[in-house]
Amino acid sequence: MRRPLRTLATLSELVAFPHTVFALPFALLACFEAASGLPPARTLLLVLLAMVGARTAAMAFNRLVDLPFDAANPRTASRPLPAGRLSPAAAWTLVILGSLALVVAAWGLNPLCLALSPLALAWVLGYSYSKRFTAFSHLWLGLGLAIAPVGGWLAVTGSFALPPLVQAAAVAFWVAGFDVLYSLQDVAFDRQMGLFSLPARWGVSRALLASRLAHALAALGFGFFARLVGGGFWAWLAVGVAAAVLLWEHVLVGPGRLERINAAFFTANGLLSLSMLALFLLDIMSRP
């Protein structure tokens, strides 16, 4: 019994499963907004399957592609693959199963979701190579997570609309901004290995400015989204909480304050996404 549980825990560690809390709430939020209330349970379950599948495939693929770098980096050498606690075959199994879960879920939703699922999968898998040739890999990641609100809206309506596109832009800037902060831990390593993180290419000071600009745009995007959907008190409170959390991240992290990156990365961003979902749900339920 202990061995299967240990294996499951290692698989969860490989794909950083708790970080699902970043994108999933925005997919669900888009579902509720598109339905102006509670969508069918079947739709929510398929969205959940698609989100978990896509993220699992993307993370496992990223760990496989980055294995040589993770093994050489003292910060990441203890991860399951470089440490030998999990085999590449197991990671490839997750990539395949996650990809199939996305496509099957999209097939169960509607034809447009099915047609777009290979493009979404290609984008999130392609991110793993982006750091090798562009300093804007952080924005690539952001656009990958920005698929979540668009996908959630399409799952309910089967058509595009302006609100989820605005929300997607806000999510993209939010993720890009906090990924720049997270990459501050590896500036020296990225330069040594010739990788294209923004701090490694632009320097820490300019990268921090870029992160702040991205987060300012994210806050504006969240506000524009609230206006587009006719948000009331709770929606605007959600926007205010998001802006405060983004500001808190930049108070926590800066030159000489890199030891707080994990708090800024997981705690702050998890709080942002969950509070946006909870408060917007309250807003939707309170609308006439």
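The values are calculated or read from the model by the stated rules, or taken from the named source; none is laboratory data. Just so you know, these numbers come straight off a predicted model, no measurement behind them. Cβ placement follows ideal geometry from the backbone for every residue including glycine, while neighbour counts extend to all protein chains displayed.
Brief remarks follow.
- Within region 4-99, helices (runs of 4 or more DSSP H) holding 2 or more residues that are surrounded by fewer than 16 Cβ atoms within 10 Å (Cβ to Cβ): 41-65, 67-72
- Of all residues in region 196-212, those satisfying the criterion of being surrounded by fewer than 21 Cβ atoms within 10 Å (Cβ to Cβ) and either closer than 20 Å to residue 127 by Cβ or free of Cβ contacts under 8 Å to residues at least 24 places away in the same chain (or both) are 196, 201, 202, 203, 206, 209, 210.
- Check on residue 201, basic (Lys, Arg), within 27 Å of residue 33 (Cα to Cα) and assigned to a helix (DSSP H, G or I): no
- Only one of 151, 108 that is surrounded by fewer than 21 Cβ atoms within 10 Å (Cβ to Cβ) and out of contact with any strand residue (DSSP E or B) (no Cβ under 8 Å at 6 or more places or on another chain): 108
- Any chance residue 155 is among the small types (Gly, Ala, Ser), under 16 Å from the mean Cα position of the chain (by Cα) and at pLDDT 95 or above: no
- Among the residues of region 126-143, the ones that are in a helix (DSSP H, G or I) and basic (Lys, Arg) come to 0 in all.
- Evaluation of residue 146 against the conditions (1) in contact with a Phe, Trp or Tyr (Cβ under 6 Å, 6 or more places away or on another chain); (2) hydrophobic (A, V, I, L, M, F, W, C); (3) closer than 30 Å to residue 189 by Cα shows that the sole unmet condition is (1).
- Yes/no for residue 270 being assigned to a helix (DSSP H, G or I), free of Cβ contacts under 8 Å to residues at least 24 places away in the same chain and out of contact with any Lys or Arg (no Cβ under 9 Å at 6 or more places or on another chain): no
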